[in-house]
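A short write-up of the structure that comes next.
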Amino acid sequence: MNEAHIGVFLRAIRSTHGSDAELTGRERVVEKFQGETVWEGDVLVFALQGHPTAALCYAWEVDGAITAVLGEPPVDSARAAVRAAIM
């Protein structure tokens, strides 16, 4: 579960992607590679306000670090956002 306060995510999205956002959901993602779990956690889904190319942003926190990935092709889900960040 994300330990950071929602405001931390909103500030990270604004500073990284230049857009205000609104939390719309949370998805649990378990990413496996060759049968081993390589990442597991909650991904928060945000609707972006006025971003020029993306309507959504997927964000999560690990050890105090926020990762925020835009929902632009090929990223079309929380799982795809995690995969993009891992690669």
### Query
From Glu22, Glu27, Glu36, which residue is open to solvent by 70 Å² or more (accessible area, probe 1.4 Å), acidic (Asp, Glu) and either free of Cβ contacts under 8 Å to residues at least 12 places away in the same chain or touching a Pro at 6+ places or on another chain (Cβ under 9 Å) (or both)?
Glu36
### Task
Quick one: in the stretch 65-87, of everything that is of a type outside the set (Val, Ile, Thr) and in contact with a Cys (Cβ under 8 Å, 6 or more places away or on another chain), which residue is farthest from Arg14 (Cα to Cα)?
Gly71
### Yes/no for Glu31 being farther than 19 Å from Ala84 by Cβ and touching a strand residue (DSSP E or B) at 6+ places or on another chain (Cβ under 6 Å)
no
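Per-residue answers, yes or no, for (1) touching a helix residue (DSSP H, G or I) at 6+ places or on another chain (Cβ under 6 Å); (2) of a type in the set (Val, Ile, Thr):
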position	(1), (2)
Trp39	yes, no
Pro52	no, no
Ile66	yes, yes
Val69	yes, yes
Arg83	no, no
### Task
Return a yes/no flag: does the stretch 10-17 have any residue that is open to solvent by 20 Å² or more (accessible area, probe 1.4 Å), hydrophobic (A, V, I, L, M, F, W, C), part of a strand (DSSP E or B) and touching an Asp or Glu at 6+ places or on another chain (Cβ under 9 Å).
no
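The values are calculated or read from the model by the stated rules, or taken from the named source; none is laboratory data. Values in this document were obtained by computation on a predicted structure and should not be read as measured data. Here the Cβ is made from the backbone with ideal geometry for all residues, glycine too, and neighbour counts use every protein chain on show. Ligands, DNA and RNA are excluded from the accessible area calculation, which covers all protein heavy atoms including side chains. Shrake-Rupley method; radii C 1.70, N 1.55, O 1.52, S 1.80 Å.
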